[in-house]
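Chemist: Just dropping this structure here.
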Amino acid sequence: MPRRARPRANLAEYTTSLAVQDLEQVRAALGLERINLYGASYGTRVAQHYLRRFPARVRSVILDGVVPVGQPMGPSTAIDAESALGNILRRCAGDAACRERFGDPAADYHAVRAALRVSTVPISVRDPSTGEDRSFEFGADHLASVLRLLTYTSEYAALVPLVLHAAAVHEDYAPLAAQYLMVERAYAQTIAVGMHNSVVCAEDAPLFPDYPIDRTRLAATYLGTRQLDGLEAVCRVWPRGAVDEDLRAPLNSEVPALLLSGSDDPATPPGYAQEVARAFTHHLDVVLEGFGHGQLTAPCVDQLMAQFVTRASVEALDVSCVRAARPLGFFTSLNGPPP
């Protein structure tokens, strides 16, 4: 991929250190004295570094799906994803309708993993996005992809017990395979893989050799070591851009900060936000129970964000609506959640 992309772009020009300089030029061109920052996922790293570089230019900051600046992304991804899936399955087991329909969803999950370790499953299914008939061998890698992507949002996560149960109990892998085809295409169209590689290979991968990586624990997850091994392989050939020496330095800020997390986030669990919160003298850390990665579209979050930006203060923010928000109920059939 680097050779194909190089004629169109300098792959070393997509790092956080360069991005914050671009953002500062945009602010200056717009003639804004101070700005309100919103960063989601990797964007929270950019927001924190911009705040480090240009503290006088920031009025308030919202970090949604928070990435700690001192921690490389990659070594714990599989463990965080496994933990989020466990949360979802336990939430189903604690829900009367879900438990009555599926029994122990964790048992279904482990049964499917065990079966796919032995052999792949021949699949013939209609692609839900195109309507075309698709035939392929569904294996452990497909399961890993679909589980990770389904757990990113509570809407997709609502399907997880249903599709796992069909495969485990009825040996019907078609629902899992159909979801794989749908979410794989959906995320492929929204994720900038090249930029991801440019950031990770410049900023995160160089830290891997000195970071404690428990490969035995990684291997026990549904993602296994594949994700980390893949990153390391890509980064051996991907160009590396400029990285500020203080990118990983602790941040200390008086700027008011609103931190948002989902309890079932497979990429940036709530513990990350708790770590980052220590950098802010004035902060509010909000966790939405049962939600996944990114809270921008979760119920009432728009109201909370509007309150915060209007005031540029975390004092007396009304979080009652957000605290009461609940994710979509689990599908007990393809028709949806029970009434």
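Throughout, read-outs are computed from the coordinates displayed, never taken from laboratory work. Since we're looking at a predicted model, the values are computed, not measured. FYI the Cβ positions are ideal-geometry reconstructions off the backbone, even for glycines, and counts take in every protein chain you see.
Chemist: Could you please rank Ile191, Ile213, Ile123, placing first whichever residue has the fewest other Cβ atoms within 10 Å of its Cβ? The partial results should precede the final answer.
Modeler: On the way: Ile191 10, Ile213 16, Ile123 19.
Exposure proxy ranking, most exposed first: Ile191, Ile213, Ile123.
Chemist: Let me ask another. Measure nothing fancy, just the Cα-based angle from helix 160-170's long axis to the longest principal axis of the chain, in degrees from 0 to 90, nearest 10.
Modeler: 20 degrees
Chemist: Here is a follow-up. Helix 174-188 versus the longest principal axis of the chain: what angle, 0 to 90°, nearest 10, using Cα atoms?
Modeler: Orientation of helix 174-188: about 20 degrees from the principal axis.
Chemist: Pick out, in residue order, every one of the GluC sites (Glu not before Pro) in the range 89-155 that is DSSP loop and has at most 12 other C-beta atoms within 10 Å; say none if there are none.
Modeler: Values: sites: Glu100, Glu132, Glu137, Glu155; in loops: Glu132.
Answer in residue order: Glu132.
Chemist: Considering only DSSP beta bridges whose two residues both sit in the chain, what percent are antiparallel, to the nearest 5? Can you show the working numbers first?
Modeler: Values: 7 of 24 bridges.
Expressed as a percentage, antiparallel bridges in the chain total about 30.
Chemist: Pop out the ³J(HN,Hα) list for the range 48-57 in order, Karplus 6.51 cos²θ - 1.76 cosθ + 1.60 with θ = phi - 60°, rounded to Hz; leave Gly and Pro as x.
Modeler: 5, 6, 4, 4, 5, 6, 10, x, 6, 9
Chemist: Starting from 0.36 nm per residue, how many nanometres of slack lie between Ala325 and Asp127 once their C-alpha separation is accounted for? All intermediate terms of the calculation are to be shown ahead of the outcome.
Modeler: Details: separation 198, 0.36 × 198 = 71.28 nm, distance 3.30 nm.
That pair, Ala325 and Asp127, stretches by 68.0 nm at full extension.
Chemist: Along its three principal axes, how long is the range 77-188 when you only count alpha carbons? Whole Å, largest extent first please.
Modeler: Answer, in whole Å and largest first: 38, 27, 26 Å.
Chemist: Using only Cα atoms, tell me the angle between helix 226-235 and the longest principal axis of the chain; keep it within 0 to 90° and round to the nearest 10.
Modeler: Compared with the principal axis, the helix lies near 40 degrees.
Chemist: Here's another thing I want to ask about it. I need the phi-derived Karplus couplings for the range 146-154: 6.51 cos²θ - 1.76 cosθ + 1.60, θ = phi - 60°, integer Hz, Gly and Pro marked x.
Modeler: Rounded to whole hertz, the list is 5, 5, 5, 6, 5, 7, 5, 10, 5.
Chemist: Relative contact order of the range 77-188, please, whole-number percent, based on alpha carbon pairs below 8 angstrom and at least 6 residues apart.
Modeler: Working: 125 pairs, mean separation 31.0, N = 112.
Answer for the range 77-188 is 28 percent.
Chemist: Here is a follow-up. Binning every alpha carbon pair distance of the chain at 20 Å from zero, what are the percents per bin?
Modeler: 28, 56, 16, 0
Chemist: Based only on Cα atoms, what mean projected area does the convex hull of the range 76-142 have, in nm²? Each step should come with its number before you reach the end.
Modeler: Working: hull surface 24.5 nm².
Computed as one quarter of the Cα hull surface, the answer is 6.1 nm².
Chemist: Then there's this: Based on C-alpha coordinates, I'd like the Rg and Dmax of the range 44-100, in Å.
Modeler: Calculated on Cα positions, Rg and Dmax stand at 17.8, 56 Å.
Chemist: Working from the alpha-carbon coordinates of the range 182-319, get Rg over Rh, Rh being the Kirkwood radius. List each step's numbers first, then the result.
Modeler: Values: Rg = 18.0 Å, Rh = 17.9 Å.
Answer for the range 182-319: 1.01.
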